[in-house]
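S.K.: I'd like to ask you about the structure that follows.
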Amino acid sequence: MTVMLGVDLTGRDVLLVGGGAVAAKRIRRLLDEGARVRIAAPVLHPDTARLVELHGLVWRAGRFRGTDLAGAWLVHTATGDARVDRDVAERCERKRILCINASDGAHGSTRLTAQAEIGDVTVAVTSTVGADPRRSVAVRDAIVGLAGEGRIPLRRRRAGRSGRVDLVGGGPGPADLMTVRARRLIAEADVVVTDRLGPAAEIVRGLDPDVEVIDVGKTPGRHPVPQDEINRIIVGRAAAGRRVVRLKGGDPFVFGRGGEEMRACLAAGIPVDITPGISSAIAVPQAAGIPVTHRGTAAAFHVVNGQGIIGEGTLAALADATVTTVVLMGVAALERLVTAALAHGVPAQRPIAFVESGHTAQQRTTRTTLGRAVADAEAVGLRNPAVIVVGEVAGAGLLFPSSNTIGAVLA
Ligand code: SAH
């Protein structure tokens with residue numbers, strides 16, 4: 001039988017009996033936990049000697065003596081001699097000092113666990129039969145893996161004063177293109193504020209029913225919630241002690257107004273952090289087999305919001321055959337963009353591709369040229385969300401030689 005205690009070793013005296021390579025490993029772990037480690041051993045393995053020097057540890061050179069136990073909260077044996085280890089463990093027992101015995105098959109009163117921190121939750125695994133550290137590690141890793149998929153209910157059940165906001169990038173759509181950290185933060189959240197784009201729908205389906213979900217991407221009147229109102233929502237919920245995830249499509253800092261939300265939180269004194277996401281600017285062209293840079297073809301890429309003004313920088317990028325121009329939110333502005341590019345002298349033959357609903361089952365790619373772009377967009381019924389790619393990398397045949405002719409619609 002064992003009971004696992006979450007012991008805080010910070011600043012506590014821990015005696016390591018033995019100075020070999022195993023001792024070095026355990027010392028590192030105990031130091032990580034904040035323990036004040038002492039060593040009793042006649043000689044030190046170079047790894048252990050290095051730790052003694054690096055951390056200024058107390059080392060009593062010599063074989064173990066009963067007086068070494070004085071003051072210790074915890075003793076760890078690792079002498080490599082099972083008899084000595086057992087003797088130490090027995091003395092600890094008599095003195096009521098907790099003891100970890102590193103000898104094969106033997107146990108002192110205490111065991112180390114296979115441990116992991118998942119956010120602010122600690123998971124520790126041990127077994128009630130003989131020591132089997134690899135099994136414990138495998139079980140622990142499986143739990144960490146489930147947490148990475150958002151399948152562990154990490155949400156706090158007891159309200160704290162720990163209100164905060166996390167701006168979380170959701171990537172282009174599929175939940176498995178989110179980061180492990182994003183999944184964990186969502187699993188911990190009391191409130192999730194979502195947009196239309198990205199993995200929102202799939203994520204919301206998996207949330208506990210009592211998690212508050214606020215969709216600011218659309219309201220009954222179909223108007224998105226104004227930015228000021230979004231800022232008020234996230235700040236207000238966090239100020240009330242709740243953990244808020246502001247989930248966004250792609251990356252929060254790429255045309256996501258994440259900067260404004262971060263400012264609002266900082267101004268209100270709300271702890272705020274950001275978790276990056278895979279931006280559609282790179283991942284959506286990629287889903288259609290278009291690399292935004294390609295050695296010998298495109299040496300740089302320029303990302304622009306199609307709804308904004310078409311500035312000098314964008315015209316220069318469009319005109320430069322070695323630069324890829326990636327346009328987000330560009331469907332409505334396509335004609336304006338093409339007209340400006342052609343007027344600026346960009347060749348009508350410059351390849352252009354439209355990638356709609358990238359990374360979803362509805363993904364569709366249309367390849368054409370600048371000169372025919374407007375007519376072809378109309379012919380295929382180009383719709384949002386779409387990424388428009390202008391540049392040599394958008395041409396047919398760069399990666400898949402035999403496929404797609406100009407203007408062809410690909411699944
Ligand atoms: N922060 C986001 C971009 C937000 S702007 C990011 O980093 O990806 C919204 C624009 O992103 C859309 O108009 C569209 O151009 C693009 N977009 C986002 N997801 C997309 C997808 N799955 N397929 C095609 N375009 C997408």
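S.K.: Based on DSSP H runs of at least 4 residues, each adding -39500 (n - 2.57), what is the mean residue ellipticity at 222 nm of the chain after dividing by all its residues, to the nearest 500 deg cm²/dmol? Before the final figure, lay out the partial values.
M.R.: On the way: 12 runs with 124 residues, N = 411.
After summing the helix terms and dividing by residue count, I get -9000 deg cm²/dmol.
S.K.: Enumerate the residues in the stretch 289-314 having an amide nitrogen under 11 Å from the point lying 7 Å beyond the Cα of residue 332 toward its Cβ.
M.R.: Inside the label zone: 307-308.
S.K.: For the chain, find the longest principal axis of its Cα atoms and tell me its angle to the long axis of helix 46-55, 0 to 90°, nearest 10.
M.R.: 80 degrees
S.K.: Then there is this: How would the stretch 194-336 be classified by its alpha-carbon gyration tensor: rounded, prolate or oblate, with rounded meaning a/c under 1.5 and the a/b versus b/c comparison settling the rest? Working shown, then result.
M.R.: On the way: a/c = 2.14, a/b = 1.97, b/c = 1.09.
Prolate.
S.K.: Measuring from label point to label point, each 7 Å out along Cα→Cβ, what is the residue 43 to residue 398 span in nm?
M.R.: In this crude spin-label approximation the distance works out to 6.3 nm.
S.K.: Nearest 10 degrees is fine. How inclined is helix 227-239 to the longest principal axis of the chain, computing both from alpha carbons?
M.R.: Compared with the principal axis, the helix lies near 10 degrees.
S.K.: Could you tell me what percent of the DSSP beta bridges with both partners in the chain are antiparallel, to the nearest 5? Walk me through the intermediate numbers first.
M.R.: Numbers: 23 of 64 bridges.
Of all bridge pairs located within the chain, approximately 35 percent are antiparallel.
S.K.: Another one. Taking a ≥ b ≥ c as the square roots of the eigenvalues of the Cα gyration tensor of the chain, is the shape rounded (a/c under 1.5), prolate (a/b larger than b/c) or oblate? Write down the numbers at each step before the final one.
M.R.: Numbers: a/c = 3.14, a/b = 2.29, b/c = 1.37.
Taking the square roots of the gyration eigenvalues as a ≥ b ≥ c, the chain is prolate.
S.K.: On to the next question. Against the longest alpha carbon principal axis of the chain, how many degrees, from 0 to 90 and to the nearest 10, is the axis of helix 334-343 turned?
M.R.: 70 degrees
S.K.: What is the calculated FRET efficiency for residue 205 to residue 138, with r their C-beta to C-beta distance and R₀ = 35 Å, to the nearest 0.05?
M.R.: Details: r = 30 Å, r/R0 = 0.86.
Computed FRET efficiency for residue 205 and residue 138 comes out at 0.70.
S.K.: Indicate the gyration tensor shape class of the stretch 196-249 (rounded, prolate or oblate), computed on the Cα atoms with a ≥ b ≥ c the square roots of the eigenvalues: a/c under 1.5 is rounded; otherwise a/b larger than b/c is prolate and the rest oblate.
M.R.: On the way: a/c = 1.81, a/b = 1.03, b/c = 1.76.
Cα axes put the stretch 196-249 in the oblate bin.
S.K.: Using the Kirkwood radius built from alpha carbon pairs, what does the Stokes-Einstein equation give as D for the stretch 4-133 at 4 °C and 1.567 mPa s, in µm² per second? Before the final figure, lay out the partial values.
M.R.: On the way: Rh = 14.9 Å.
So the translational diffusion coefficient is about 87 µm²/s.
S.K.: OK, next. Per the chain: cysteines with no other Cys C-beta under 4.7 angstrom?
M.R.: 265 - these cysteines have no disulfide-compatible partner (Cβ-Cβ under 4.7 Å) in the chain.
S.K.: May I pose another question? Amide H of residue 13 versus every other amide H placed in the peptide plane: which residues, excluding those fewer than 5 positions away on the same chain, fall under 5 Å?
M.R.: 36, 73
S.K.: Another question, then. Gain in length, residue 379 to residue 96, computed as 0.36 nm per residue apart minus the alpha-carbon separation, to one decimal in nm?
M.R.: Numbers: separation 283, 0.36 × 283 = 101.88 nm, distance 8.28 nm.
Length gained, residue 379 through residue 96: 93.6 nm.
S.K.: Counting GluC sites (Glu not before Pro) as exposed when in a DSSP loop with at most 16 other beta carbons within 10 Å, what is the longest stretch of the chain free of them? Before the final figure, lay out the partial values.
M.R.: Values: sites that count: 33, 149.
So the longest stretch without any such site is 150-411.
S.K.: Just how far, in whole angstrom, is the stretch 355-387 from the stretch 280-333 if you go by their alpha carbon centroids?
M.R.: That distance is 15 Å.
S.K.: Can you grab the distance from the C-alpha centre of the stretch 36-101 to the C-alpha centre of the stretch 212-267, Å, no decimals?
M.R.: Each part reduced to its Cα centre gives a spacing of 54 Å.
We did not get these values from a lab; they are worked out from the coordinates using the rules stated. Predicted model, so just to flag it, every value in this text is computed and none were measured. Positions of Cβ are backbone-derived with ideal geometry, glycine not excepted, and every protein chain shown enters the neighbour counts.
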